[in-house]
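The values are calculated or read from the model by the stated rules, or taken from the named source; none is laboratory data. Computed from a predicted model, the values in this text were never measured in an experiment. When we count neighbours, we look across all protein chains shown, and the Cβ atoms used for this are built from the backbone with ideal geometry, even at glycine. These area figures cover heavy atoms from the full protein model, side chains too; ligands, DNA and RNA do not enter into them. Shrake-Rupley method; radii C 1.70, N 1.55, O 1.52, S 1.80 Å.
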Amino acid sequence: MLLAAPLVLGACQAHGPDQMGSPRPADRGAPTTTTFSAPDHEIAVTYDATFERLDAPEDGYFDNGSWASEAGDDGERLLTLSLPDSDEITTGLWRLGTSRNARALETCTDEPSDMSSAAPETVRIGGHDFVSFTVGDAGMSHFQSIHAYRAVVDDTCYAIDLIVQGTRGDVYDPPRPAPFSQDAAMARLRTINTGVSFPSGH
């Protein structure tokens, strides 16, 4: 069924059709970074300040407000960053959540039931091994792709989700172009992983 109106997916305001990888004049030179840290968690994230921090859970087609994809309400969202130029056609999100729930710790690195056909991989982030897998969903002209990373560090399950989601632009009249490709969005979101650290050194 075609959408009668666009659905807002918690994206930041669009700033025009500039292609990622082609910075505006104001963006040239060394990027400005900012660092997030949580008092009750041994993790910090240093990221490009052009990403917008979202302080409330996204209200979208796929989002249930949980701390991680494939998870319930037994954890906490710590940080959600939105890719610049995201809009209702395509949104890029980098999300960090944690849980100390016994069940969440037991199943933290388990493969989800709807994982893609690719086998899980081990990825080094912040000096720790994270299990990485990909999941996706689609329906009613919407799409979502998630590259997920999971690890248990100091009795805490850390969940990093790289999310690209949105609405097919061809359901609009006239059709609307995406602000960036899904592959380009994932590549840009993945750069945030390099800024993750565990300051305690555990």
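Some points to look at:
- With the highest mean first, a sort of the peptides 80-90, 34-44, 126-136 on other beta-carbon atoms found within 10 angstrom per residue produces 80-90, 126-136, 34-44.
- For region 130-161 and region 68-107, distance of Cα centres in Å: 8
- Ranked by the mean number of other Cβ atoms within 10 Å per residue, highest first, peptides 145-158, 179-192 order as 145-158, 179-192.
- For region 95-104, 3J(HN,Hα) per residue [Karplus equation, 6.51 cos²θ - 1.76 cosθ + 1.60, θ = phi - 60°, Hz, x = Gly/Pro]: 10, 10, x, 9, 8, 10, 5, 4, 5, 5
- Rolling a 1.4 Å probe over the heavy atoms of the protein chains gives region 71-202 an accessible area of 43 Å² per residue.
- In region 91-201, Cα pairs under 8 Å separated by at least six residues give a relative contact order of 30 percent.
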